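First the structure, in the form of C-alpha coordinates, and then the observations on it.
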Amino acid sequence: QVQLVESGGGLVQAGGSLRLSCAASGRSFSSYAMGWFRQTPGKEREFVAGSSLLYADYADFVKGRFTISRDNAKNTVYLQMNSLKPEDTAVYYCAAKFGVQTSKQTYDHDYWGQGTQVTVSS
(Lines give C-alpha, C1' and ligand atoms only; values in the text may rest on other atoms or scores of the structure.)
Protein backbone atom coordinates (compact mmCIF):
# COMPACT_ATOMS: atom_id res chain seq x y z
CA GLN A 1 0.00 0.00 0.00
CA VAL A 2 1.25 3.46 -0.91
CA GLN A 3 -0.18 6.72 0.34
CA LEU A 4 0.53 9.93 -1.54
CA VAL A 5 0.20 13.44 -0.14
CA GLU A 6 0.63 16.48 -2.37
CA SER A 7 1.54 19.95 -1.24
CA GLY A 8 2.74 23.23 -2.70
CA GLY A 9 -0.28 24.38 -4.63
CA GLY A 10 -1.58 27.92 -4.43
CA LEU A 11 -2.32 31.14 -6.25
CA VAL A 12 0.33 32.66 -8.52
CA GLN A 13 0.40 35.30 -11.22
CA ALA A 14 1.01 34.39 -14.83
CA GLY A 15 4.72 33.99 -15.49
CA GLY A 16 5.36 32.90 -11.94
CA SER A 17 6.55 29.60 -10.50
CA LEU A 18 5.42 26.96 -8.05
CA ARG A 19 6.91 23.72 -6.87
CA LEU A 20 4.62 20.85 -6.03
CA SER A 21 5.72 18.03 -3.77
CA CYS A 22 4.31 14.56 -3.37
CA ALA A 23 5.39 12.56 -0.34
CA ALA A 24 4.91 8.81 -0.50
CA SER A 25 4.56 6.48 2.44
CA GLY A 26 5.27 2.79 2.31
CA ARG A 27 8.22 0.83 1.10
CA SER A 28 9.84 0.39 -2.28
CA PHE A 29 9.25 3.92 -3.55
CA SER A 30 11.96 3.33 -6.14
CA SER A 31 9.89 0.46 -7.57
CA TYR A 32 7.25 2.90 -8.74
CA ALA A 33 7.09 5.23 -11.67
CA MET A 34 5.58 8.49 -10.49
CA GLY A 35 3.33 10.78 -12.42
CA TRP A 36 1.68 14.16 -12.20
CA PHE A 37 -1.76 14.68 -13.69
CA ARG A 38 -4.16 17.60 -13.65
CA GLN A 39 -7.87 18.10 -13.93
CA THR A 40 -10.24 21.01 -14.45
CA PRO A 41 -14.01 20.90 -13.93
CA GLY A 42 -15.81 19.07 -16.70
CA LYS A 43 -12.64 17.71 -18.23
CA GLU A 44 -10.83 14.40 -17.97
CA ARG A 45 -7.73 14.08 -15.90
CA GLU A 46 -4.70 14.60 -18.12
CA PHE A 47 -1.07 13.59 -17.97
CA VAL A 48 1.45 16.30 -17.15
CA ALA A 49 4.75 14.56 -16.39
CA GLY A 50 6.14 11.20 -15.36
CA SER A 51 9.33 9.95 -13.78
CA SER A 52 10.88 6.53 -13.45
CA LEU A 53 14.38 5.67 -12.34
CA LEU A 54 15.44 5.73 -15.97
CA TYR A 55 13.82 8.75 -17.59
CA ALA A 56 11.31 11.57 -17.42
CA ASP A 57 8.39 12.18 -19.74
CA TYR A 58 6.33 15.30 -20.35
CA ALA A 59 3.15 16.38 -22.01
CA ASP A 60 3.86 18.65 -24.96
CA PHE A 61 2.10 21.59 -23.35
CA VAL A 62 4.56 21.69 -20.43
CA LYS A 63 7.83 20.87 -22.15
CA GLY A 64 10.42 23.51 -21.39
CA ARG A 65 8.37 24.95 -18.52
CA PHE A 66 7.86 22.09 -16.02
CA THR A 67 10.43 19.73 -14.56
CA ILE A 68 9.71 16.52 -12.69
CA SER A 69 12.26 15.14 -10.26
CA ARG A 70 12.36 12.58 -7.50
CA ASP A 71 14.32 12.04 -4.33
CA ASN A 72 14.20 8.34 -3.56
CA ALA A 73 15.86 8.85 -0.18
CA LYS A 74 12.96 11.10 0.85
CA ASN A 75 10.25 9.14 -0.99
CA THR A 76 9.24 12.37 -2.67
CA VAL A 77 8.54 13.48 -6.22
CA TYR A 78 8.48 17.12 -7.25
CA LEU A 79 7.03 19.16 -10.05
CA GLN A 80 8.77 22.47 -10.66
CA MET A 81 6.44 24.68 -12.66
CA ASN A 82 7.85 27.80 -14.30
CA SER A 83 6.37 30.33 -16.71
CA LEU A 84 2.91 29.45 -15.50
CA LYS A 85 -0.09 30.35 -17.64
CA PRO A 86 -3.74 30.84 -16.68
CA GLU A 87 -4.54 27.64 -18.61
CA ASP A 88 -2.35 25.72 -16.14
CA THR A 89 -5.01 26.34 -13.51
CA ALA A 90 -6.19 22.93 -12.29
CA VAL A 91 -6.12 20.46 -9.47
CA TYR A 92 -2.83 18.61 -9.71
CA TYR A 93 -2.62 14.98 -8.68
CA CYS A 94 0.33 12.77 -7.91
CA ALA A 95 0.10 9.12 -8.93
CA ALA A 96 2.17 5.97 -8.55
CA LYS A 97 2.48 3.13 -11.03
CA PHE A 98 4.36 -0.04 -10.15
CA GLY A 99 7.21 -0.69 -12.55
CA VAL A 100 9.94 1.13 -14.43
CA GLN A 101 7.90 2.65 -17.22
CA THR A 102 5.84 5.79 -16.94
CA SER A 103 2.38 5.98 -18.44
CA LYS A 104 0.17 8.76 -19.69
CA GLN A 105 -2.94 6.75 -18.81
CA THR A 106 -4.74 7.26 -15.52
CA TYR A 107 -5.89 3.62 -15.44
CA ASP A 108 -2.28 2.39 -15.33
CA HIS A 109 -1.69 4.03 -11.96
CA ASP A 110 -2.27 2.15 -8.75
CA TYR A 111 -2.31 4.95 -6.19
CA TRP A 112 -3.41 8.59 -6.18
CA GLY A 113 -3.05 11.57 -3.92
CA GLN A 114 -5.90 13.84 -2.93
CA GLY A 115 -4.83 16.66 -5.23
CA THR A 116 -3.61 20.21 -4.73
CA GLN A 117 -5.14 23.29 -6.34
CA VAL A 118 -3.01 25.48 -8.59
CA THR A 119 -4.53 28.78 -9.70
CA VAL A 120 -2.75 31.07 -12.13
CA SER A 121 -4.15 34.57 -12.45
CA SER A 122 -3.77 36.68 -15.57
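In region 13-122, what percent of the accessible surface is made up of carbon and sulfur (1.4 Å probe, ligands and nucleic acids excluded)? It would help to have the intermediate numbers written out before the result.
Working: 2610 of 5610 Å².
Solvent-exposed carbon and sulfur of region 13-122 make up 47 percent of the total.
Sort ARG70, ARG38 by accessible area with a 1.4 Å probe, largest first. Spell out each step's value before the answer.
Working: ARG70 45, ARG38 20 Å².
Ranked from most to least accessible, the order is ARG70, ARG38.
Using a basic spin-label model with each label point 7 Å from the Cα along Cα→Cβ, how many nm lie between GLU87 and ARG19?
2.7
Cα convex hull of region 34-104: how many Å³ per residue?
On the way: hull volume 6.4 nm³, N = 71.
Given the Cα convex hull of region 34-104, per-residue volume reads 90 Å³.
Relative contact order of region 25-119, please, whole-number percent, based on alpha carbon pairs below 8 angstrom and at least 6 residues apart.
Details: 181 pairs, mean separation 31.0, N = 95.
Computed over region 25-119, the figure is 33 percent.
Where in region 60-74 does the amide nitrogen come within less than 18 Å of the point 7 Å from the Cα of GLN3, taken along Cα to Cβ?
The answer is 74, whose backbone nitrogens lie closer than 18 Å to the label point.
In terms of the Cα gyration tensor, with a ≥ b ≥ c the square roots of its eigenvalues, is region 18-61 rounded because a/c is under 1.5, prolate because a/b exceeds b/c, or oblate? Kindly include the intermediate steps, with their values, before the conclusion.
On the way: a/c = 2.21, a/b = 1.59, b/c = 1.39.
Prolate, since a/c reaches 1.5 and a/b exceeds b/c.
Name the most mobile residue of GLY26, GLY15, GLY35, meaning the one with the largest mean-square fluctuation, in a Gaussian network model of the chain with Cα contacts below 10 Å.
In this elastic network of the chain, the residue with the biggest mean-square fluctuation among GLY26, GLY15, GLY35 is GLY26.
Past the 26 angstrom mark, what percentage of all C-alpha to C-alpha distances in the chain do you count? Intermediate values should be presented prior to the final figure.
Working: 950 of 7381 pairs.
Within the chain, distances greater than 26 Å cover 13 percent of Cα pairs.
SER30 to LYS43: extension gain in nm, 0.36 nm per residue of separation minus the Cα-Cα distance? Can you show the working numbers first?
Values: separation 13, 0.36 × 13 = 4.68 nm, distance 3.10 nm.
Going from the current span to full extension adds 1.6 nm.
Show which lysines lie in cross-link reach of LYS43 when reach means a straight Cα distance below 26 angstrom and same-chain residues fewer than eight apart are skipped.
By straight Cα distance, LYS43 reaches LYS63, LYS85, LYS97, LYS104.
Considering only protein heavy atoms, what per residue accessible area in square angstrom results for region 2-105 with a 1.4 angstrom probe?
Working: 5170 Å² over 104 residues.
Per-residue accessible area for region 2-105 comes out at 50 Å².
The values are calculated or read from the model by the stated rules, or taken from the named source; none is laboratory data. From a predicted model like this one, the values you see are computed outputs, not experimental measurements. Don't worry about glycine lacking a Cβ; one is built from the backbone with ideal geometry, like all the others, and counts go over all protein chains shown. Protein only, heavy atoms only, side chains kept; ligands, DNA and RNA dropped before computing areas. Shrake-Rupley method; radii C 1.70, N 1.55, O 1.52, S 1.80 Å.
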